[in-house]
Amino acid sequence: MTEKIRKAWGGRFRKAADRLLERFSASVHFDQKLWAQDIRGSIAHARMLGRQGIIDKTESEQLIQGLEQVGRELAKGEFVFDPAAEDIHMNIEKRLFEVVGEVAGKLHTGRSRNDQVATDLLLWMRDQTVEIRAALLGLRQTLIERAEQSIDVVLPGYTHLQRAQPVRLAHHWLAHASVLARDDGRVRDAAARMRHSPLGSGALAGTTLSLDRESTARELGFDAPTANSLDAVSSRDAALELLAALAIIMTHLSRLSEELVLWNTTEFGFIEMDDAFATGSSLMPQKKNPDVPELVRGKSGRVIGDLVSLLVTLKGLPLSYNRDLQEDKEPLFDAVETTTLSLEILSATLRTLRVNRERMAEAASDPMLLATDLAEYLVERGVAFREAHGIVGDIVRHAVDANTPLSALSRETLLGFHAALDIEPREFFAVERSLEARSLTGGPAREAVERTLESLKSDAAATAAEIEETRG
Ligand code: ARG
């Protein structure tokens, strides 16, 4: 019997599989990740077979108890995987034979590994979306906490990596928190399309046996069974969608990381990583390197590759199941693990880094960063913006030529450029005044930042409640 189960299709074949084929086609070294979902799905299937009278109630009970035992062995790490048994599904079934005997042969009634693996994968992804959302939330909350501590810290905002206009550091951290809140929405949306159970779709065309697909769907926490068996066994768009959401998250983490790397340079000197989250050089004793953000930036490329990999795997496949689909798992597993870990470590790195507020303030102190404010001052006095821009451009050139900061120009000089420029330059070119004048929605004024902070905090609390509820 073991020989028979070693190859579930043995009957039709005269020769055993070549060792090379076994090695080439085995997936148990990676799809063992699905063991818990596989046990869950098999228990639901066995229970339903009994309820439907397709197998005896006692047989159904034996299968369920056997599966529960195999599950315990897997949970304890006592399970011995056999690569010759190809994948996690066959490994579990093989062990089930050892545990409950011949009745194990009734489990696979009306089922194929095709609907089985599609079901396992959806269950696994559903579980993982909760963990990903939790990791995202962790980083969101860290950014929110850092923002709360840095309302009074001012730094230049950049365009083209050139100092542009001053902002509050809180504003900067909250920009990243806003991005992550949308990322969370994408993961939640992807999870919303993992709600239909493929179980009972068979190899591709269902079965002649009277399975109750509604009940297994319900038991496994799906909303309903899938509506088309061909679609059910061959579609992986839920995985694509999750991968796309992960690739976008990693792209965002990569941008944040790039900033941390820059800010950590001696040239910027804006931040210093905590020793626990920095690394040294094996050659240069003086070095302290930002390996965490560099690795996150580097790993983002791999996760983008994971998305592309599955897209390419799928694009040439006719309906329905093709073995190519086994290649869905490694990119998916890799992307989920990499993204979750990246979120967690970035959160810890951000939580512990030290901000050099003096360096930031100094970088933001150039009055040139407030040149636009001067143009807007003229706009408020009836000058067209384009004209005001030109006038201030002239003033800037004058200041550059005279090697004088804008704030040191005399009132008379400014009046010479436009009669409405009746200002006290030292007061006007104060960073705090400029920031507080930007009190519009979404702006960097204290009150505006605090409003954004409150709204992001309540979004995060809502996400926390959703995660709690899904886990519950
Ligand atoms: N390990 C396979 C997979 O991941 C299971 C399905 C095998 N089906 C088959 N027809 N060979 O897709």
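Key figures
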item	result
Members of the range 407-429 that are surrounded by 15 or more Cβ atoms within 10 Å (Cβ to Cβ), farther than 15 Å from E376 by Cα and of a type in the set (G, A, S)	S407
Subset of the range 61-82 [assigned to a helix (DSSP H, G or I), open to solvent by 60 Å² or more (accessible area, probe 1.4 Å) and out of contact with any helix residue (DSSP H, G or I) (no Cβ under 6 Å at 6 or more places or on another chain)]	E61, Q65, E68, R72, A75, K76
Single residue of the range 312-327 satisfying the filter (assigned to a helix (DSSP H, G or I) and within 10 Å of the ligand (Cβ to nearest atom)) that is surrounded by the fewest Cβ atoms within 10 Å (Cβ to Cβ)	R323
From the options A335, A276, residue that is among the small types (G, A, S) and surrounded by fewer than 17 Cβ atoms within 10 Å (Cβ to Cβ)	A276
The one condition in (1) open to solvent by 10 Å² or more (accessible area, probe 1.4 Å); (2) of a type outside the set (S, T, Y); (3) away from the ligand (no atom under 16 Å from the Cβ) that A170 fails to fulfil	(1)
Candidates R397, R386, R351, filtered to the one that is surrounded by 16 or more Cβ atoms within 10 Å (Cβ to Cβ), out of contact with any strand residue (DSSP E or B) (no Cβ under 9 Å at 6 or more places or on another chain), assigned to a helix (DSSP H, G or I) and of a type in the set (D, E, K, R)	R351
Residue list for the range 100-129, filter: of a type in the set (V, I, T) and within 16 Å of the ligand (Cβ to nearest atom)	V117, T119
Residue match in the range 422-445 (condition: of a type in the set (G, A, S), in contact with a His (Cβ under 8 Å, 6 or more places away or on another chain) and farther than 30 Å from R188 by Cβ)	no
Test: L107 is crowded, with 24+ Cβ neighbours inside 10 Å and either free of Cβ contacts under 8 Å to residues at least 40 places away in the same chain or over 33 Å from the mean Cα position of the chain (by Cα) (or both)	yes
Residues of the range 188-203 satisfying the condition of being open to solvent by 30 Å² or more (accessible area, probe 1.4 Å), assigned to a loop (DSSP other than H, G, I, E, B) and closer than 19 Å to D38 by Cα	R195, A203
Those residues of the range 248-273 which are among the polar types (S, T, N, Q) and surrounded by 11 or more Cβ atoms within 10 Å (Cβ to Cβ), in sequence order	T251, S254, S257, N264, T265
Any hit, the range 133-144, residues being of a type in the set (V, I, T), without any contact (Cβ under 8 Å) to a residue 12 or more places away in the chain and out of contact with any Ser or Thr (no Cβ under 8 Å at 6 or more places or on another chain)	no
Filtered residues of the range 203-247 (kept if of a type in the set (K, R), over 15 Å from L121 (Cβ atoms) and out of contact with any strand residue (DSSP E or B) (no Cβ under 7 Å at 6 or more places or on another chain))	R218
Selected residue (only one of A245, A227 is among the small types (G, A, S) and surrounded by 22 or more Cβ atoms within 10 Å (Cβ to Cβ))	A245
Meets criteria (modelled with pLDDT of 95 or more, within 16 Å of the ligand (Cβ to nearest atom) and within 29 Å of Q32 (Cα to Cα)) for L295	no
Members of the range 368-383 found to be surrounded by 18 or more Cβ atoms within 10 Å (Cβ to Cβ) and hydrophobic (A, V, I, L, M, F, W, C), listed by number	L369, L370, A371, L374, A375, L378, V383
Count - residues of the range 400-437 that are part of a helix (DSSP H, G or I) and not hydrophobic (A, V, I, L, M, F, W, C)	13
The one condition in (1) open to solvent by 50 Å² or more (accessible area, probe 1.4 Å); (2) aromatic (F, W, Y); (3) more than 16 Å from the ligand (Cβ to nearest atom); (4) in contact (Cβ under 8 Å) with a residue 40 or more places away in the chain that F97 fails to fulfil	(1)
R451 being within 23 Å of E362 (Cα to Cα) and free of Cβ contacts under 8 Å to residues at least 12 places away in the same chain	no
Test: R357 is at pLDDT 95 or above and open to solvent by 70 Å² or more (accessible area, probe 1.4 Å)	yes
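The values are calculated or read from the model by the stated rules, or taken from the named source; none is laboratory data. Only a predicted model underlies this, so the values are computations on that prediction, with no experimental measurement involved. Note that each Cβ is placed from the backbone with ideal geometry, even for glycine, and that neighbours are counted across all protein chains shown. Heads up: the accessible areas ignore ligands, DNA and RNA and are worked out on the full protein's heavy atoms, side chains in. Shrake-Rupley method; radii C 1.70, N 1.55, O 1.52, S 1.80 Å.
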